[in-house]
Amino acid sequence: MSALLEEAVALENERISSPSQVQTDQLAEAIVLVPHGSASPPPGYSGLADHSTPAHAFLEHSNSILFPVLLVPNVYFSFDRLYELELLWLAILAIPLALVLGDFVGGLVHWAADTYFSEDTPVVGPALIKPFREHHLFPRDICTHTLVSIVGNVCILAVPLLAVCLYLLWVSQHGLLAFATLSTTLMTAATVATNIFHKWAHQEKPSAGVRWLQRMRLVLEPGHHQIHHTEPFEKHYCITNGWLNPLLNKIGFFRKLEAMLRFLGIETATRH
């Protein structure tokens, strides 16, 4: 009997010490990005390569190409319409308005992704929620991502909106519509650029030009953004330029929004 028990224990130990084929395949899929000679990734990095499913990667790449194709005619025809109607001064107003709106929209999406749903939520879970949640754990991973993986998700949402704007410019000659279209188009440009600014805020050695833009607060400044990555992680959701963060913090905008949704029966997820 004792011999049988010893043999069973030996077989179990061998099974535990030898990874299964499934485990081996999973490990093979995780491409570790660790500097040569380093035993572990630097602080803030997961050491894993960013990857998408083939279908999602196709959407990211195709919409990243379509975005400038639709952006340019929207800007051109909006300016042209305002010029024809002698309302070109509205274009000057559209630029700061678009930057503020872009900061707000980006902050709203950021707050929602941090506060609601889960990584398993259909559609938005893998594409939106998971990247935001992982970013809190490994904030410097964004510095290793490609341009398409950074802007692709936003382009997927921006392209249909730009297509609608271009159609409205085609069917209407109204000056206010041209102003609204220009503001919306520039806002989408700001939101698409948001994660680029976000990446710059996490870079250890950004270029001199980027540092100047950050000092001028034209784009997200690292020290300002660090407040969001400090417990309890409930502030500074706006990450285009961060202009709206002080105001939204002061009035408790997101906490009031959460309270309203809680009243409607929508509970928050566990915040990272």
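The values are calculated or read from the model by the stated rules, or taken from the named source; none is laboratory data. All values derive from a computational prediction rather than experimental measurement. Backbone-built Cβ (ideal geometry, glycine too); neighbour counts: all protein chains shown. For the accessible areas, the whole protein counts, side chains as well, though only heavy atoms, and no ligand, DNA or RNA atoms are used. Shrake-Rupley method; radii C 1.70, N 1.55, O 1.52, S 1.80 Å.
Brief remarks on what is shown
- Listed by first and then second residue, the pairs linking a residue in segment 234-249 that is closer than 17 Å to Ala189 by Cα and in contact (Cβ under 8 Å) with a residue 40 or more places away in the chain to a residue that is part of a loop (DSSP other than H, G, I, E, B) and acidic (Asp, Glu), with Cβ atoms under 9 Å apart and 6 or more places separating them unless they lie on different chains, are Asn241/Glu221; Gly242/Glu221.
- Matching helices (runs of 4 or more DSSP H) fully within segment 172-240 where at least 3 residues are among the aromatic types (Phe, Trp, Tyr), open to solvent by 20 Å² or more (accessible area, probe 1.4 Å) and touching a helix residue (DSSP H, G or I) at 6+ places or on another chain (Cβ under 9 Å): 175-202
- Subset tally (residues that are within 12 Å of the chain's Cα centre (by Cα), acidic (Asp, Glu) and surrounded by fewer than 20 Cβ atoms within 10 Å (Cβ to Cβ)) for segment 83-123: 0
- Pairs are defined by a Cβ separation below 7 Å, a sequence spacing of at least 6 or placement on different chains, a first member in segment 213-232 that is within 18 Å of Leu244 (Cβ to Cβ), and a second member that is surrounded by 12 or more Cβ atoms within 10 Å (Cβ to Cβ) and of a type in the set (D, E, K, R); the pairs so defined are Gln214/Glu221; Ile227/Lys235; His228/Lys235.
- Flag for Ile92 being at pLDDT 95 or above, farther than 25 Å from His225 by Cβ and not acidic (Asp, Glu): no
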